[in-house]
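Notes to accompany the following structure.
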Amino acid sequence: MLPSKVFRIPFLICLLCVHAWAAAQAPAPVPAAVPAPAAEASREYVLGAGDIVRISVFQNPDLTTEGRVSETGALTFPLIGSVPLGGRTVSAAEALIAARLREGGFVLQPQVTVLPVQIRGNQVAVLGHVNKPGRYPLDTFNVRVTDMLANAGGIATGGDDVIVLVGTRDGQRIRRELDLPALFQRGDADADVLLSPGDVIYARRADVFYIYGEVQKPGAFRLERNMTVMQALATGGGPTLRGTVRGLRIHRRDPQGSLAVIEPSLEDRLRPDDIIYVKESLF
């Protein structure tokens, strides 16, 4: 039976306080787990033939070794002999050495560190019309052609917009041409090819045309895409006071090497190695 009316209100207040305290003590609801985004692919260096590495084992200084990965990808390590490190990431190489030390009973809980000292394997050659041609190491995974071109200082003056990649994929030789302006305009990451050890990137000379005769600036000039005869004349500074655009001549060789002389219109497109001759006006 409830207390008298005089004590009923204080009793209800106390009851509400008890409910509030119990609710406060209850654990907060756990939000539904949200799937985490996929982790970015590892960008860890892969050991290759010619690399010099320093290997150390925690609290075992006598096992510290510095050596060169052989052409077969192996390296000799104390107690466990030849270890195949070529083609493995640094962490995979550490795990392999630790496993062999543990399985052989040499170290109970080995903590192995592999540090590349000199990177000579897994290189890519960048040749031709680049600012810094040479051989560059593949320091990480996911190195693309544009990354390596940036390492080489980019395309030099006189270099073409289309570069050539030569390499081996799945045992087959490949040759690909990459159109750099189109690649960036489309934003197509898949067209920016992933590099593999032994790849060669070649930046060839840009196509040119020649103009001579009665023009302000005779000489050889870069042939831009879809360039017309009128644009070529503008590149050469236009005709001199004695020159005329009437009777222009283009000397052009066909794929068989035969020379043809044609009279173009100003809207005709030029071809690589075309020679434009601007005649002198008769009036």
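The values are calculated or read from the model by the stated rules, or taken from the named source; none is laboratory data. Worth saying up front: this structure is predicted, and the values here are computed from it rather than measured. When we count neighbours, we look across all protein chains shown, and the Cβ atoms used for this are built from the backbone with ideal geometry, even at glycine. To get the accessible areas, we keep the full protein, side chains included, count just its heavy atoms, and leave off ligands, DNA and RNA. Shrake-Rupley method; radii C 1.70, N 1.55, O 1.52, S 1.80 Å.
Cβ-Cβ contacts under 8 Å between residues 6 or more apart (or on different chains), taken from a first residue in region 234-255 that is free of Cβ contacts under 8 Å to residues at least 12 places away in the same chain to a second residue that is in a strand (DSSP E or B) and surrounded by fewer than 12 Cβ atoms within 10 Å (Cβ to Cβ), are listed as D254/A260. Scanning region 245-265 for residues that are open to solvent by 30 Å² or more (accessible area, probe 1.4 Å), in contact with a strand residue (DSSP E or B) (Cβ under 8 Å, 6 or more places away or on another chain), assigned to a loop (DSSP other than H, G, I, E, B) and more than 26 Å from D160 (Cβ to Cβ) yields V245, E263. Applying the set (1) in a strand (DSSP E or B); (2) under 28 Å from the mean Cα position of the chain (by Cα) to Q185 leaves exactly one unmet item: (1).
For R135, the criteria (1) assigned to a strand (DSSP E or B); (2) in contact (Cβ under 8 Å) with a residue 60 or more places away in the chain; (3) not acidic (D, E) hold in every case but one, which is (2).
Whenever a residue of region 100-128 is under 30 Å from A150 (Cα atoms), its partners that are of a type in the set (G, A, S) and assigned to a loop (DSSP other than H, G, I, E, B), lying with C-beta atoms within less than 6 angstrom and at least six residues away or across chains, give the pairs R120/G50; G121/G48; G121/A49; G121/G50; N122/G48; V126/A152. In region 67-95, the qualifying residues are those that are part of a strand (DSSP E or B) and more than 18 Å from Y45 (Cα to Cα), and the one that is least open to solvent (accessible area, probe 1.4 Å) is F77. When region 96-126 is limited to residues that are of a type in the set (G, A, S) and either at pLDDT below 90 or within 30 Å of V193 (Cβ to Cβ) (or both), the one that is surrounded by the most Cβ atoms within 10 Å (Cβ to Cβ) turns out to be G121. So which residues in region 188-221 are touching a helix residue (DSSP H, G or I) at 6+ places or on another chain (Cβ under 7 Å) and not in a strand (DSSP E or B)? Correct list: A191, D192, V193, L195.
Let's see how each residue does on (1) over 30 Å from T240 (Cα atoms); (2) modelled with pLDDT under 95; (3) open to solvent by 30 Å² or more (accessible area, probe 1.4 Å):
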{"position": "P137", "(1), (2), (3)": "yes, yes, yes"}
{"position": "R144", "(1), (2), (3)": "yes, yes, yes"}
{"position": "Q172", "(1), (2), (3)": "yes, yes, yes"}
{"position": "L183", "(1), (2), (3)": "yes, yes, no"}
{"position": "D188", "(1), (2), (3)": "yes, yes, yes"}
{"position": "P197", "(1), (2), (3)": "yes, yes, yes"}
{"position": "F209", "(1), (2), (3)": "no, no, no"}
{"position": "E224", "(1), (2), (3)": "no, yes, yes"}
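Can T168 be described as under 30 Å from E94 (Cβ atoms), in a loop (DSSP other than H, G, I, E, B) and at pLDDT below 90?
Working: under 30 Å from E94 (Cβ atoms): yes; in a loop (DSSP other than H, G, I, E, B): no; at pLDDT below 90: yes.
Judged against the criteria, T168 is not a match.
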